[in-house]
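Notes follow once the structure below has been shown.
The values are calculated or read from the model by the stated rules, or taken from the named source; none is laboratory data. Just so it is clear, the model here is predicted, and its values are computed rather than measured. Positions of Cβ are backbone-derived with ideal geometry, glycine not excepted, and every protein chain shown enters the neighbour counts.
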Amino acid sequence: MRKLIATAACLFAATPALAEPDWAGAVRADYKASLGQMWDWFHRNPELSFKEVRTAERMATELRAVPGMQVSTGIGGTGVVGVLRNGAGPTVLVRADMDGLPVEEKSGLPNASKARQVGVDGVEAPVMHACGHDTHITAMVGTARRLAALKDRWKGTIVFIVQPAEERVGGAKAMLADGLYSRFPKPDYALAFHVAAGLPAGMVSASEGIQYSSSDSVDIAVPGIGAHGASPQAGKDPVYMASQLVIALQGLISRERQPLAPGVITVGSFHAGLKHNIISDMAKLQVTVRANDEGTRKQLLDGIQRVTTGIGTLNGMPADKMPTATVIEGTPTTINDAPLARRLNAVMATTLGAKNVVPFEQTGMGAEDFAYLVQPDSRVKGYYFAVGGTPMADIAAARNGGPPVPSHHSPLFKVAPEPSIVTGTIAMTAAVLDLLGPQSGN
């Protein structure tokens, strides 16, 4: 990330300013008049995955207010689809995710969320937009308004999808299963962006290859045989077995994975027992698995199954009490179409200025279920980009020992809404205009 920030700082200092598109001022005015208040409402009222009822209603209302927009609701659960047609031409899908996270907000913002909600897992939790999805959906409304006002500059069809449950990597898959590509115009191109707290506000960055890793959530159940803590020989201790498993899983990374192929296995949750002197009869682990290619992904998931069974065998567990590993949700790698990414990265440089287009560098193994919309067999070309969300002064201060920039999914997470939404709207509008404009060959 330091390399990315340093590169951004050098570009900012070295490149002269570039004239904005003649419609960019209208985006800024829209933020002052409407989009800023809209973001405030979304930030105060986050909802959990597949529970985004009020958010979907508000988005449907906003999209219906766009001249010519045909809106459908309830797609893949709470998903919303808006179709804007303007004659013959290609079809471009613009996607924004809308769910929040089960996090208690401690950002200190005056509009910090106080919301609580029962999730699909039946657990009540505080809810926060701790990943910036409120900026994504607000920018989508701004983009739809601007493209409707610029119909004399493009021909074709734009499909706006307001997607549920990105945080559970299930919303895109659910919308596809509900006929997204059969009930509505199938896109030639699919576009999306994510606000990035670690990238300076006003800047964008996109890969010409992999943008996000794969992600799989694995639940592991380790049965035991309960006994008194003072008589361990009378039972089978699931805490001991699960602890062996935690260590053994890392052997898949350090001793079986090809060392130049990125991969991560993290045990994020370990629960067992209720009292000091009782050997419980169950331990449960929750594991996340990340990879940058399907071969490594399969190797790690197959390895988890093998190691989980092996721990049971090692400890002499009977057949009806063997540990089990279950993949409950997952998403493939998100890979940008290389020619499309080169083309649209050039559009970003022209629109925002070359100083504001930062070379992409993968610094972690985050994941995105946008990948389902652009799988190779779909023949839909994808472009996913990052939009900076933190003022450069704050990033520079953090680099020099000041307060750190809060990460995504943190209770302290916050981004500057105006530059995030304005930049996201301008960038997305410019990308669609390039794909559907006269220069595209329509």
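Of the residues in segment 322-338, how many are buried (at least 19 other Cβ atoms within 10 Å of the Cβ) and under 15 Å from Lys236 (Cα atoms)?
1
Return the pair list, or none, for Cβ contacts closer than 9 Å from residues in segment 107-124 that are at positive phi to residues that are among the charged types (D, E, K, R) and in a loop (DSSP other than H, G, I, E, B), at least 6 apart or on different chains.
Once the first residue is at positive phi and sits in segment 107-124, its partners that are among the charged types (D, E, K, R) and in a loop (DSSP other than H, G, I, E, B) give Gly108/Lys414.
Say we look at segment 159-205 and pick out the residues that are acidic (Asp, Glu) and surrounded by fewer than 24 Cβ atoms within 10 Å (Cβ to Cβ); which of these is modelled with the lowest pLDDT?
Glu167
Quick one: count up the residues across segment 286-295 that are surrounded by fewer than 22 Cβ atoms within 10 Å (Cβ to Cβ) and farther than 18 Å from Asp369 by Cβ.
So in segment 286-295, the residues surrounded by fewer than 22 Cβ atoms within 10 Å (Cβ to Cβ) come out as 286, 288, 292-295.
Subsequent filtering for residues that are farther than 18 Å from Asp369 by Cβ retains 286, 295.
Matching residues across segment 286-295 total 2.
Only one of these conditions is not met by Val120: (1) modelled with pLDDT of 95 or more; (2) touching a helix residue (DSSP H, G or I) at 6+ places or on another chain (Cβ under 8 Å); (3) among the aliphatic types (A, V, I, L, M). Which number is it?
All conditions are met except number (2).
Within the set of pairs 6 or more residues apart or between chains, which connect a residue that is at negative phi and in the same structural domain as Val80 (by TED's automatic domain parsing) inside segment 44-56 to a residue that is surrounded by fewer than 20 Cβ atoms within 10 Å (Cβ to Cβ) and among the basic types (Lys, Arg) with Cβ atoms less than 8 Å apart?
Arg44/Lys114; Asn45/Arg54; Glu47/Arg54
Here are Leu373, Leu435: which of them is touching a residue at least 24 places away in the same chain (Cβ under 8 Å), surrounded by 23 or more Cβ atoms within 10 Å (Cβ to Cβ) and over 18 Å from the mean Cα position of the chain (by Cα)? Show your work before the answer.
Details: Leu373 fails: over 18 Å from the mean Cα position of the chain (by Cα).
Only one candidate qualifies: Leu435.
Quick check on this structure: which one of Thr326, Thr308, Thr334, Thr313 is free of Cβ contacts under 8 Å to residues at least 12 places away in the same chain and among the polar types (S, T, N, Q)? Full working, then the answer.
On the way: Thr326 fails: free of Cβ contacts under 8 Å to residues at least 12 places away in the same chain; Thr308 fails: free of Cβ contacts under 8 Å to residues at least 12 places away in the same chain; Thr334 fails: free of Cβ contacts under 8 Å to residues at least 12 places away in the same chain.
Thr313 is the lone residue from the list that is free of Cβ contacts under 8 Å to residues at least 12 places away in the same chain and among the polar types (S, T, N, Q).
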